[in-house]
Amino acid sequence: MLPGLNLPASLAGLLAELRPVFTGPSFRTFCGLVAGLAGQVRRRTVCGMLLGAGLGRCWPHDRAHYFFARAAWQLDELGLAVARLAVMLLVPPGAAITVAVDDSVFRRSGRKVWGAAWQHDGSSPARSKLSYGNCFVTCGIIVALPFCTRPVCLPVLARLHVPGKGRAVKPRRQAAPASAVSCAVNLVRLLAGAFPGRPVHVVADAHYHGPALKDLPAGVTWTTRLPRNAVLYAPAPPRVRKPGRPPRKGPRLGTPADLAAAAAWTAATVHIYGRDTAEDLAEITCLWYGCLDVITVRVILARDADTTLALVTTDLAAPAAALVERYAGRWGIEQAFSDARTVLGAGEARTRARRAVERTVPFAMLVHTLVITWYARHGHDPAGIAARRTAEPWYTGKREPAFEDMLTGLRRVLICARISGGSAAHPEPQQITAVLAAWHAAAA
């Protein structure tokens, strides 16, 4: 038990797996901030985490700020430790690891926030879809939980992406920052190195393509949406003895629309977004010469009554239906961004220094993963979902927990541990009042 902090045994056991990443003092602070971020229901700033853990009068506030701004721990090492924990507990042994890659802008204000700039933000309410803030490229492991019909994404690695133009880059002779695609490839390379011998299948949206994909590690495949203006070519013909350089590509096949017009379609049923859907599928083995040079890829075409989806993948073995289902699971990372931002409070910390900015949002994303992992191992109770459906009868179709339900379950366990830890068997009236108020606030 940590001084001033009472953690439930179930959560303490999970956090103990991450102990080798930290020094002793930093680990104690880490445990307190994890409990504080999960337990705080209002302002989730750095000091707010101390209040959420009930440590506002036990620990000085600069202890929490020091943890993010100057403490000697590495973000990538912590992310890989969380990834190993999630895979060990939630992924079948030896199974392939599916990874979703995407970026999200966390809005900030102020001229002195490190790495903040005006950049594209798909979730921005503005008509221009621009927001001023910090952009984080994130890798998340997609898992299937027994109590959820949809795939769930667990963010494990995140890195601040500083755009090439704007206020973020000040020194004139500074090297050009890496693109978001290069940043994603570097994160995937770290993740693949943590699980040697296991296949890693990456899914990403249409933004994540480029020459950086030519250097993927062995055993890593990449599946993304094919841009409408991409031009595909047939594989290079066999070499023949004649003067000149042999051709690097075959005849031009055209754009995705051209491929769809000439494709041989096959009816199939794919399970996407929690339901079975009838789709017409087609696949073509070809070259995306303008992007991946002579690397052989497959283009998977899927159409329904409304739209036609074109995917490009370096996975040359998986069935077309499985690739469509794999790509549909990418939506889990969008849901993870939304839950971490609106439910958990990722991005609310008012940090400005470089190291603190680089750590606070990824820390919140890792807490998101730890909450889901804790719930899957210790917190799931079907009676809780039934109770919420009874209390809120407008949720007539609710049959499985959302992230909000998982976080509420952990908050209640944290409240019980805080009140009961080290206290007498018969609590005082003030304690009863406090726990009831906190219990209701945890569900707010």
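The values are calculated or read from the model by the stated rules, or taken from the named source; none is laboratory data. If you're wondering where the values come from, they're calculated on a predicted model, not measured in any experiment. Note: ideal-geometry Cβ built from the backbone for every residue, glycine included; neighbour counts use all protein chains shown. To get the accessible areas, we keep the full protein, side chains included, count just its heavy atoms, and leave off ligands, DNA and RNA. Shrake-Rupley method; radii C 1.70, N 1.55, O 1.52, S 1.80 Å.
Quick grid of which residues meet (1) touching a strand residue (DSSP E or B) at 6+ places or on another chain (Cβ under 8 Å); (2) not aliphatic (A, V, I, L, M):
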residue: ALA353; (1), (2): no, no
residue: ILE372; (1), (2): yes, no
residue: ILE385; (1), (2): no, no
residue: ARG388; (1), (2): no, yes
residue: TRP394; (1), (2): no, yes
residue: GLU400; (1), (2): no, yes
residue: PHE403; (1), (2): no, yes
residue: THR408; (1), (2): no, yes
Residue tally, condition surrounded by fewer than 18 Cβ atoms within 10 Å (Cβ to Cβ), modelled with pLDDT of 90 or more and not basic (Lys, Arg), over segment 295-307: 2
Number of positions in segment 268-291 that are out of contact with any Pro (no Cβ under 8 Å at 6 or more places or on another chain), of a type outside the set (Gly, Ala, Ser) and under 30 Å from ARG248 (Cβ atoms): 5
Subset of segment 225-265 [part of a strand (DSSP E or B) and either touching a residue at least 24 places away in the same chain (Cβ under 8 Å) or on the phi > 0 side of the Ramachandran plot (or both)]: ARG225, LEU232, TYR233, LEU253, GLY254
Positions within segment 3-21 being under 17 Å from ARG359 (Cα atoms) and open to solvent by 20 Å² or more (accessible area, probe 1.4 Å), in sequence order: VAL21
Scan of segment 394-426 for residues that are open to solvent by 70 Å² or more (accessible area, probe 1.4 Å), modelled with pLDDT of 80 or more and not in a helix (DSSP H, G or I), ordered by number: TRP394, ARG399
The listed residue being modelled with pLDDT of 80 or more, closer than 30 Å to LEU75 by Cβ, open to solvent by 20 Å² or more (accessible area, probe 1.4 Å) and not in a loop (DSSP other than H, G, I, E, B), out of THR369, THR342, THR360, THR373: THR342
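Of everything in segment 22-53 that's of a type in the set (Lys, Arg) and open to solvent by 30 Å² or more (accessible area, probe 1.4 Å), which residue is nearest to ARG411 (Cα to Cα)?
At the first step, the residues of segment 22-53 found to be of a type in the set (Lys, Arg) are 28, 42-44.
Still in the running and open to solvent by 30 Å² or more (accessible area, probe 1.4 Å): 28, 42-43.
Details: ARG28: 19, ARG42: 13, ARG43: 15 Å.
Filtering first and then ranking leaves ARG42.
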Matching residues in segment 187-224 - criterion: being within 21 Å of SER104 (Cα to Cα), among the aliphatic types (A, V, I, L, M) and assigned to a loop (DSSP other than H, G, I, E, B): ALA206
Any hit, segment 270-282, residues being hydroxyl-bearing (Ser, Thr, Tyr), at positive phi and under 31 Å from the mean Cα position of the chain (by Cα): yes
All positions within segment 308-334 that are within 28 Å of ARG44 (Cβ to Cβ) and either more than 15 Å from the chain's Cα centre (by Cα) or open to solvent by 70 Å² or more (accessible area, probe 1.4 Å) (or both): TRP331
Within segment 115-144, considering residues that are assigned to a loop (DSSP other than H, G, I, E, B) and surrounded by 18 or more Cβ atoms within 10 Å (Cβ to Cβ), the one modelled with the lowest pLDDT: ASP121
Top-ranked residue of segment 273-294 - restricted to ones that are of a type in the set (Phe, Trp, Tyr) and within 19 Å of HIS209 (Cβ to Cβ), ranked as most open to solvent (accessible area, probe 1.4 Å): TYR289
In segment 377-393, the residues that are surrounded by fewer than 21 Cβ atoms within 10 Å (Cβ to Cβ) and in a helix (DSSP H, G or I): ARG377, HIS378, PRO382, ALA383, GLY384, ILE385, ALA386, ALA387, ARG388, ARG389, THR390, ALA391
Of all residues making up segment 92-107, the number that are touching a residue at least 40 places away in the same chain (Cβ under 8 Å) and more than 21 Å from ARG330 (Cβ to Cβ): 2
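Residues that are farther than 22 Å from ARG350 by Cβ, of a type in the set (D, E, K, R) and in contact with a helix residue (DSSP H, G or I) (Cβ under 9 Å, 6 or more places away or on another chain): list the helices (runs of 4 or more DSSP H) wholly contained in segment 41-111 that include at least 1 such residues. So that I can check it myself, show each step before the final result.
On the way: elements: 46-52, 61-69, 75-90.
Once the helices (runs of 4 or more DSSP H) in segment 41-111 are filtered for at least 1 residues that are farther than 22 Å from ARG350 by Cβ, of a type in the set (D, E, K, R) and in contact with a helix residue (DSSP H, G or I) (Cβ under 9 Å, 6 or more places away or on another chain), what remains is 75-90.
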